[in-house]
Amino acid sequence: MQEVRVQAPATVANVVCGFDCLGFALSEPFDEMIVRRTDAPGIRIINRDDFGVPTEPERNVAGVAAAAMLQSSGADFGLEIEITKHIKPGSGIGSSAASSAGAVVATNRLLGDRFSKTELVGFAMEGEHLASGSRHADNVAPCIFGGFTLVRSTDPLDVVTLEFPPLWATIIHPQIEIKTAEARAILPKDVPLKTATRQWGNVGSLVAGLAKGDYALIARSMEDFIVEPVRKLLIPKFDEVKAASLDAGALGGGISGSGPSIFMLSEDPTTAGRVEIAMSDVYSRTDIEFNMYISEITSSGARSI
Ligand code: HSE
């Protein structure tokens, strides 16, 4: 095999209470990549979009993720990685994760599917490390496995795929930039035991609610006492968007990854559409431009097409 085309979906990390642990994959938007085997060693990046992502392989998340995999496999060939991004960098819906995950899924195919999905997550985390200075896997795991995932541990890597009922995500992406590294730097370093207890109660009950298809339990569990109170200050109108979405019938939601996108989950597409109107009404009254997405949570992750 000389060439592989992949699609790598956007993802929502944290899912309110599960900072750095929980995440899910959307069906759209997604990035597209073509990865070609080259006789000459080394990696060449070609960008087919206007986002201005670096093309030096050591400064490109797809480049470092694929390089880690080539090195680990002892491959004697190089790669040309052609990237068409549709997920805007810095949007909070897993743009760097999609590039990293797409690159390793495609490279693995060129290597004869030598690595497991968990190993692919490990290589893709190199891209996340480059993008944010931290080795979190809560975007790359759902991007590679699809559906809803829980990262129990990153060292050693342990990814749990979760059962989940039909769910639709409505996402508003305000056109402001929040760098993940900066959104991580403002977080508290220590958490009082009482707060931690409330938080892990919610993580456990969210996972149980997903498994049982108990929408009321899912709704009650989407509460964050640690990260949201700090990060929401970076997102204009966050509280208003949340209140309007709940009024429109959303189960709950919050900051997508490190923001600025805000996501809301609904039981059905009709409610997700009402939530879209409620969210966009709030932002229409500001001078901030925004994009909206509605997507079912999909069970397919990054895949060759
Ligand atoms: N869990 C990460 C964070 C996701 O919230 O910083 C962002 O990539």
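Cβ-Cβ distances below 9 Å connect the following pairs, each with a first residue in the range 167-192 that is without any contact (Cβ under 8 Å) to a residue 12 or more places away in the chain, a second residue that is of a type in the set (A, V, I, L, M, F, W, C), and a separation of six or more residues or different chains: E182/L234.
Here G90 passes the criteria (1) on the phi > 0 side of the Ramachandran plot; (2) surrounded by 24 or more Cβ atoms within 10 Å (Cβ to Cβ) except the one numbered (2).
Cβ-Cβ distances below 6 Å connect the following pairs, each with a first residue in the range 124-139 that is more than 17 Å from I87 (Cα to Cα), a second residue that is more than 8 Å from the ligand (Cβ to nearest atom) and modelled with pLDDT under 95, and a separation of six or more residues or different chains: M125/R135; H129/R135; G133/A181.
Yes/no matrix, rows are residues, columns are (1) modelled with pLDDT under 95; (2) surrounded by fewer than 19 Cβ atoms within 10 Å (Cβ to Cβ); (3) out of contact with any helix residue (DSSP H, G or I) (no Cβ under 7 Å at 6 or more places or on another chain):
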position	(1), (2), (3)
I43	no, no, no
I46	no, yes, yes
D49	yes, yes, yes
G63	no, no, no
A68	no, no, no
A75	yes, yes, yes
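Would you confirm whether any residue within the range 152-159 is within 21 Å of I305 (Cα to Cα) and either crowded, with 19+ Cβ neighbours inside 10 Å or charged (D, E, K, R) (or both)? No, there is no match, as no residue in the range 152-159 is within 21 Å of I305 (Cα to Cα) and either crowded, with 19+ Cβ neighbours inside 10 Å or charged (D, E, K, R) (or both).
Write out, first by first residue and then by second, each pair whose Cβ atoms fall under 6 Å of each other, whose residues are 6+ apart or on separate chains, and whose first residue, in the range 202-221, is touching a residue at least 12 places away in the same chain (Cβ under 8 Å) while the second is acidic (D, E) and loosely packed, with under 14 Cβ neighbours inside 10 Å. Close Cβ pairs (under 6 Å, with a partner that is acidic (D, E) and loosely packed, with under 14 Cβ neighbours inside 10 Å) amount to A211/E163. Summed over the range 141-172, residues that are within 12 Å of the ligand (Cβ to nearest atom) and either in contact with a strand residue (DSSP E or B) (Cβ under 9 Å, 6 or more places away or on another chain) or closer than 14 Å to V61 by Cα (or both) total 4. Among residues that are of a type in the set (A, V, I, L, M) and within 30 Å of I262 (Cβ to Cβ), V6 is included.
Can you tell me which residue is nearest to I218 (Cα to Cα) among those in the range 8-29 that are more than 13 Å from the ligand (Cβ to nearest atom) and touching a helix residue (DSSP H, G or I) at 6+ places or on another chain (Cβ under 7 Å)? Going through the qualifying residues, I end up with A25.
Could you check, for the range 60-71, whether at least one of its residues is in a loop (DSSP other than H, G, I, E, B), touching a strand residue (DSSP E or B) at 6+ places or on another chain (Cβ under 8 Å) and within 23 Å of K179 (Cβ to Cβ)? The answer is yes; a qualifying residue exists. The set of residues in the range 1-29 being within 17 Å of S295 (Cα to Cα) and surrounded by fewer than 24 Cβ atoms within 10 Å (Cβ to Cβ) consists of Q7, S27, E28, P29. Is one or more of the residues making up the range 132-140 out of contact with any strand residue (DSSP E or B) (no Cβ under 6 Å at 6 or more places or on another chain), on the phi > 0 side of the Ramachandran plot and within 15 Å of the ligand (Cβ to nearest atom)? Scanning the range 132-140 turns up at least one residue that is out of contact with any strand residue (DSSP E or B) (no Cβ under 6 Å at 6 or more places or on another chain), on the phi > 0 side of the Ramachandran plot and within 15 Å of the ligand (Cβ to nearest atom). Selection of the range 93-145 for residues being crowded, with 24+ Cβ neighbours inside 10 Å and assigned to a loop (DSSP other than H, G, I, E, B) yields I93, G94, H136, A137, D138, N139. Of the residues examined, G254 is not one that is touching a strand residue (DSSP E or B) at 6+ places or on another chain (Cβ under 8 Å), away from the ligand (no atom under 16 Å from the Cβ) and touching a residue at least 24 places away in the same chain (Cβ under 8 Å).
For the range 211-236, a residue qualifies if it is surrounded by 20 or more Cβ atoms within 10 Å (Cβ to Cβ) and farther than 14 Å from V16 by Cα, and exactly one does: I235. Screening G23, G90 for residues that are within 26 Å of L162 (Cβ to Cβ), touching a residue at least 24 places away in the same chain (Cβ under 8 Å) and not in a helix (DSSP H, G or I) leaves exactly one candidate, G23.
The values are calculated or read from the model by the stated rules, or taken from the named source; none is laboratory data. Fair warning: this is a prediction, and the values are worked out from it, not measured in the lab. Heads up, the Cβs are rebuilt from the backbone with ideal geometry, glycines too, and the neighbour counts pull from every protein chain shown.
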